[in-house]
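Please read the structure below before turning to the comments.
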Amino acid sequence: MRIEDWFLTEEERGNRATRLRPWSAGNDVRPLVHGAAYFAELLAGLEELGEDDLLLFADWRGDPDERLAPDGPTVGAAMDAAAARGALVRGLIWRSHLDLLRFSSAENRHLGEEIEGSGGQALLDTRTKPGGSHHQKFVILRHDRDPGRDVAFVGGIDLCHSRRDDATHEGDPQRAPMPSVYGPRPPWHDVQVAVRGPAVEQVEQVFCERWEDPAPETRDPLRRLRDHVERLDDAPALPTPGPPPPRAGHHTVQLLRTYPARRRGYPFAPGGERSIAHAYRKVLARARSLIYLEDQYLWSTDVIEPFAAALEREPGLRMIVVVPRHADQDGWLAGPASLIGRADALHRLRTAGGDRVGVYDLENHHGTPIYVHAKVCVVDDVWAAVGSDNVNLRSWTYDSELSCAVLDEREDPRPPHGALKFARDLRLTLMGEHLDLPEEEHDGLCDPIAAFDGFARSASRLERWHQDGRTGPRPPGRLRPHPSPALSPMRKLLALPLYRFAIDPDGRPPSLRRSGSF
């Protein structure tokens, strides 16, 4: 297998202004499934930081009072303690929309203020398109005297409320606002990866490019004045990144991103960057046996098209999709608007693949829906990606996103042959949890057809149990067949403008938008 068959070349990335290398070999990448696993490992890393070490992070939402462990400390306290020990702390936090829109403007400012109060620096960043967001979620820990301990955490988990859940899916006691159907402690499914090795320096370059952008963090004069008074506009120069950490494992990593095409372009991406979209289109053109996807949204027929084209091209290709049952938006218009794109996307996939497409959502053992926030894709048990990006136009063109794609140097010895170890292990870990399978039975999911059929049987058994009034023992598993969203013509008509211009906007240059290209 040639790396360039699956990864983007420098030319295919489409952004010659970036400092990123096409890919880096010799890394160790470990999936951290659920926020509790991620927060525990992050806390251990933060507590090891000392004088002249480096903590860099970027986040969509940050709650300084979110506990990293059941008894604490909080996110803010752990970062404060690292700064007090002499670590250099720098953060990029999205300056979000008004809290009236159920985003996190106040919480993000509070986290920034807490970091500034301990001697670190945090920028509240609005250098996006109107209505866009900085959606990247990563943390970098670098050690001045021992680079072999350096680590970067990349994925879909924010440092905020509702994320500290585990495999039992009882939910985080510190909840974020969510629709009432998810209960008082919304169960939350999410994934991050811990990266060690040379790719850590590449994640640091992603941070540096944004931090060193000379454009002001906001163009609102009142916000700029408030930031100045509260010292949230101070962006001191970062130390020159050290050399890449030494080789740590057998994984080759490619960092993929989205940056929108803006009138005032980013110096590191003057025409924007859509390498996430480019990577999916390249990889899906090679798909032959199984696409496994976990996604928060799954919107937009433009974005779904390469998945559908693969299903039409390959009669033996199957696709498994895991999404949330209910939208994360309440309201007569906001809820339907968020379902318009999914209804169209599912119709296109099912038209292309028929019964070779299985779409599911999750519930915990109490019957409470689990909110699927993960952004994971595994293709043919070879290529795997974990990131902040969802399968929609917003993530592929409009918001800033960061994804970590992985190719393992090692083949998996289990049949069917041709799979790579990291991708297959990741898929089996996720599928095994959703099926309630003990780890010693995961090997039965190696075969794509057996895995596809196993999901279908498990979801069918649990659905029948619900239809029969939930009598008798509950069948194992957490899978339910995902229903096609049903919207009345009037509600769809009224919600369509909100969907197109606010929920899932298109950030491509007009020429690409007209041609349907990325």
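The values are calculated or read from the model by the stated rules, or taken from the named source; none is laboratory data. What you are looking at is a predicted structure, and each value in this text was computed from that prediction instead of being measured. Cβ: placed from backbone, ideal geometry, glycine included. Neighbour counts: every protein chain shown. Just the protein is used for accessible areas: all its heavy atoms, side chains included, with ligands, DNA and RNA removed. Shrake-Rupley method; radii C 1.70, N 1.55, O 1.52, S 1.80 Å.
Summary table
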| item | result |
| --- | --- |
| Whole-Å semi-axes of the ellipsoid equivalent to the range 272-332 (Cα gyration tensor, √5λ, descending) | 24, 16, 10 |
| Contact order relative to length of the chain, as percent, for alpha carbon pairs under 8 angstrom and 6 or more apart | 16 |
| Peptides 135-142, 75-82 ordered by average Cβ neighbours within 10 Å, highest first | 135-142, 75-82 |
| Those aspartates and glutamates that a straight Cα-Cα span of less than 16 Å connects to Lys492, excepting residues fewer than 8 apart in one chain | Asp330, Asp344, Asp504 |
| Cα long-axis angle, helix 448-467 against the chain (0 to 90 degrees, to the nearest 10) | 80 |
| Calculated log₁₀ intensity ratio I(q)/I(0) where the Debye formula runs over C-alpha points of the range 316-409, q = 0.18, 0.19 Å⁻¹ | -1.10, -1.20 |
| DSSP beta bridge pairing in the chain, given as percent antiparallel to the nearest 5 | 70 |
| Burial order of peptide ranges 310-320, 368-378, 245-255 (average beta-carbon count within 10 Å, highest first) | 368-378, 245-255, 310-320 |
| The chain: angle of helix 334-353 to the longest principal axis, Cα-based, in degrees nearest 10 | 50 |
| Diffusion constant of the chain at 20 °C, which comes from Stokes-Einstein with the Kirkwood Cα-pair radius and 1.002 mPa s, µm²/s | 92 |
| Helix 75-84 axis, angle to the chain major axis (alpha carbon atoms, nearest 10°) | 30 |
| √(5λ) per eigenvalue of the Cα gyration tensor, the range 346-480, largest first, Å | 27, 21, 15 |
| Whole-Å distance, taken between Cα centres, linking the range 243-314 and the range 486-501 | 28 |
| 20 Å Cα-Cα reach of Lys282 towards lysines, excluding residues that sit fewer than 8 places from it in its own chain | Lys375 |
| Packing-based ranking, highest mean first, of 188-200, 338-350 given that Cβ atoms within 10 Å are counted | 188-200, 338-350 |
| Solvent-accessible area, 1.4 Å probe, carbon plus sulfur percent, for the chain | 54 |
| Accessible area expressed per residue, the chain, with surrounding protein chains retained (probe 1.4 Å, Å²) | 38 |
